[in-house]
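Below: one structure, written as structure tokens.
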Amino acid sequence: MKYILVCLIISCFYSFSSAQSKNEILEDIRDIVETIHMDTSLKSVTLLNEEFIDNMTDGGGELTGFYKNKKIYNIYRSVGISYGEEIMQFYYWKNMLVFVSEKFNTYVYDDSSKAFDYTVLNTTFTGKYYFDKEKLIHKVITGKKNFDDNSVDIEKSLLEESKGNIELIKKRM
């Protein structure tokens, strides 16, 4: 009985001591993203406009998947609208979403001409979302999106969008 109790205590201690802290997990995710960026052996497939956008936007769009051995490691999505462009990147490790980078660039409005200057963009929103085992564990948000809906479950929304993007890319691989 004492032997079983000692083994149980040691196994509990080992499982707690081997668990990574949140900062260690975030650092691991940053290393994974860098590793993916550095991998020159990744192949790519790109979908344009109507191939992935249900309601066509005036700025068009691009969805590019980067993969190796039928495993997707990165998806880049850009969609242009009348007042700017949204860029999102999804990163995967061991077939699981680990990181999402989101950026919204707004065209500068010229008061004198009363029109957007389509040659100048300002970044008005950035979001960095860190996932561990399909759970959002950390986010860093700067700025505000136009027409931002605070009632949206960002974790659920990003996971659903990620899965939809993967399905589209896999059909073309």
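Annotations for the structure displayed:
- Which listed residue, of TYR83, TYR91, TYR73, is in contact (Cβ under 8 Å) with a residue 12 or more places away in the chain, out of contact with any Lys or Arg (no Cβ under 6 Å at 6 or more places or on another chain), among the aromatic types (Phe, Trp, Tyr) and surrounded by fewer than 18 Cβ atoms within 10 Å (Cβ to Cβ): TYR83
- Failed condition for GLU160, given (1) modelled with pLDDT of 90 or more; (2) surrounded by 12 or more Cβ atoms within 10 Å (Cβ to Cβ): (2)
- Qualifying position, being over 24 Å from GLU134 (Cα atoms), among the aliphatic types (A, V, I, L, M) and either modelled with pLDDT of 90 or more or not in a strand (DSSP E or B) (or both), among ILE53, ILE87, ILE36, ILE72: ILE53
- Among residues of segment 94-113 being farther than 24 Å from GLU155 by Cα and small (Gly, Ala, Ser), the one that is surrounded by the fewest Cβ atoms within 10 Å (Cβ to Cβ) is SER112.
- Residue ID - nearest to SER162 (Cα to Cα), chosen from residues in segment 39-50 that are of a type in the set (D, E, K, R) and modelled with pLDDT of 90 or more: LYS43
- The requirement of being touching a residue at least 24 places away in the same chain (Cβ under 8 Å), touching a strand residue (DSSP E or B) at 6+ places or on another chain (Cβ under 9 Å), closer than 19 Å to GLY61 by Cα and among the charged types (D, E, K, R) is fulfilled somewhere in segment 133-149, by at least one residue.
The values are calculated or read from the model by the stated rules, or taken from the named source; none is laboratory data. Keep in mind that this is a model prediction, so the values were computed, not measured. In this analysis, Cβ positions are derived from the backbone assuming ideal geometry, glycine residues included, and neighbour counts consider all displayed protein chains.
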